[in-house]
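Scroll down for the structure; my scribbles are underneath it.
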Amino acid sequence: MFSNIERVRRTLICGPPELTETFMFEGAAHWAKQGSRVIYVTQNPIESLPPKYHDAPKPCVDTFQLIKFMYLPDHKSLMELLVELDTFASLPSALLIDKLDNYAEPTTWRGDYDVLLAKTCSFIIDAMNACSRILGKKVHVCASLRPETVGKVHFVYFDNVWKFSIDNNLADPIITLQKAFCTNGDRLFKFRSLEDRTVVLKQVLRFVDEH
């Protein structure tokens, strides 16, 4: 039996919500297309699919039936989900949490926040580790958060961290997506258009699957 680290692939996406939300949705679709059951956790209901999925063919519609969107308002509701996750009739092999920072908001004392965050991340990984043992295969955890909330605790629990940034050229902004602590040029992407963004995100997801 392999270790927890080998069993659960842990990815963190940092950046502005308008960019991380696109990546998270692409990630959910990516794993669902592979036949994985996906749970997508977010605080706010997704009112519509991204434009590229409008009028999609039936195979795409069938794929999205493997994605279960769960709208959880706070930390307590997330913890309740994680405790019960391995009892679901259909176990997920991919868990995505949009804006993880919303589920571990800072208190007045910094120490309390770090402890809360560590416990939250530990619960997330333990829950998916249990699913992995039952399913007998590797699983994914992918979470997003705003760049200003990234801290040392996140790097303890997520070993595959990617950061979005946008330059200051408002007329023709360039978006950069780079893997943290990686000097390999193959782990840095720059793009402008929506079409380029889709290609880049697919390439990043390939790295996530392989890491």
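The values are calculated or read from the model by the stated rules, or taken from the named source; none is laboratory data. Being a predicted model, the structure only gives us computed values, none of them experimental. For neighbour counting, all protein chains shown are included, and Cβ atoms are generated from backbone atoms with ideal geometry for every residue, glycine included.
Checking every residue in the range 147-164 against the condition of being assigned to a strand (DSSP E or B), small (Gly, Ala, Ser) and either loosely packed, with under 12 Cβ neighbours inside 10 Å or modelled with pLDDT of 85 or more (or both) gives zero matches.
Residue by residue, here is whether (1) at pLDDT 90 or above; (2) part of a loop (DSSP other than H, G, I, E, B); (3) under 19 Å from CYS131 (Cβ atoms) holds:
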{"position": "GLU6", "(1), (2), (3)": "no, no, yes"}
{"position": "ARG9", "(1), (2), (3)": "yes, no, yes"}
{"position": "ALA28", "(1), (2), (3)": "yes, no, yes"}
{"position": "PRO73", "(1), (2), (3)": "yes, yes, no"}
{"position": "LEU85", "(1), (2), (3)": "yes, no, yes"}
{"position": "TYR113", "(1), (2), (3)": "no, no, no"}
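For the range 36-55, a residue qualifies if it is in a loop (DSSP other than H, G, I, E, B), at pLDDT below 70 and surrounded by 13 or more Cβ atoms within 10 Å (Cβ to Cβ), and the qualifying residues are LEU49, PRO50.
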